[in-house]
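Here the structure comes first, spelled out in C-alpha cells, and everything after it is commentary.
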Amino acid sequence: MIRALLVRGLLLGLLAGVVAGGFAFAVGERYVDRAVALEKAPAAHEDGGGHDHGDGAVVSRPVQKAGLFLATGLYGLAIGGVFALVFAGLRGRVGPRTDGGLALAAAGTAFVAIVLVPFLKYPANPPAVGDPETINGRTVLYVIMVLVGLASVAVAVGTARRVTGGPWGRWLSGGGAFLVPVVAAWLLLPGVDEVPAGFPASLLWEFRLSSLGTQLVFWAAFGVLFGYACDRAARRLPVAVPSAR
C-alpha cells in the first residue's frame, strides 16, 4: 500500500508541479522580466552591486523560462514523495476518515505550515532586491520559519486531540496552540528589509502575489489530484461479503 501511495504521490506531484509552472510562466514571469530590466539599468550598477540575469548571465532568460517547468516539476516530484509517506502515516490516525478528505486537509495544512507562515515573515523577492552577501542568513531564517510552521501544526493537532469540549473547543484550542509559536517566531526573529530605494512598490507586491499564487496552485492541484486518486483507488478495492451460514 505504501508503495502505491508513493508512486501516486510522485506522479501527481510531478503533474501538479507542471501545472504550477504553467501558472508561474503565464503570470509571474512578466514581473521577473520587469525586475531584471530594472536590475540591468545603469542606476543598478553605479555601486557595482548589480547582478545580470539577462543575455549576459550564465543562464540566459530564455533558458531560465524553459527551465521553469523542470524546476517546478522536480519540486512537485520531491514534495509528492514526501507527502505520500506522511499521508501513509496519518491515514486512519488523524484527520478526516476518507482518503480524499484527508488528502485535501493535509495539503491545505502543508500549504499553511511550509508556505504561508514563512511567506508572511520573509516574502519572496524579485531580482534586484536583496544583498547577495546575506543570502545564507536569509535562507537560514526562512528554514527556521518553515520548521516553526511544521512544529506549530504538530502542537495544534496534539492539543486539539486532547480537548474534549466538542468540535468548537477543539478548533479553538488547536488554533490557539498553532498561533502561539508562530506569533512568537514572528516577533523574535529579525526582519529582513533589503528593498532598494526607488524600487516600484507595485512590482514588488505583484511579484510576491504571483509567487504565493504559484504555491497555492501547486498545493490545490496536488491536494485535489491526490485525494481524487485515493478515493478512486478505495472504491476499486474488493469489498468482503460475509458468507451465509
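Nothing in this text is a laboratory measurement; each read-out follows from the coordinates by a stated rule. Please read all numbers here as calculations on a predicted model, not as lab measurements. Cβ atoms come from the backbone with ideal geometry, glycine included; neighbour counts cover every protein chain shown.
Quick notes on this one:
- Of the residues Gly28, Leu187, Gly17, the one whose Cα sits farthest towards the positive end of the charge dipole of the chain is Gly17 (charges of +1 on Lys and Arg Cβ, -1 on Asp and Glu Cβ, taken about the Cα centre).
- Positive-end extreme of charge dipole, the chain - chosen from Gly137, Trp205, Ser173 (charges on Cβ): Ser173
- Relative to the Cα centre, the charge distribution of segment 63-202, modelled as +1 at Lys and Arg Cβ and -1 at Asp and Glu Cβ, gives a dipole magnitude of about 740 debye.
- Dipole magnitude for segment 130-194: about 640 debye, using +1 per Lys or Arg Cβ and -1 per Asp or Glu Cβ, origin at the Cα centre.
- Ranked Val143, Val155, criterion: other C-beta atoms within 10 Å, fewest first: Val143, Val155
- A run of the chain free of exposed loop cleavage sites, with GluC sites (Glu not before Pro) counted only in DSSP states other than H, G, I, E and B and at most 15 other beta carbons within 10 Å, reaches its longest extent at 47-193.
- Relative frequency of Cα-Cα separations exceeding 13 Å in segment 130-194, percent: 66 percent
- When Met145, Met1 are sorted by how many other C-beta atoms sit within 10 angstrom of their C-beta, beginning with the fewest, the order is Met1, Met145.
- If the Kirkwood radius is taken over C-alpha pairs of the chain, then at 20 °C and 1.002 mPa s the Stokes-Einstein diffusion coefficient equals 105 µm²/s.
- About the Cα centre, charge dipole magnitude for the chain (Lys/Arg +1, Asp/Glu -1 at Cβ), debye: 1900 debye
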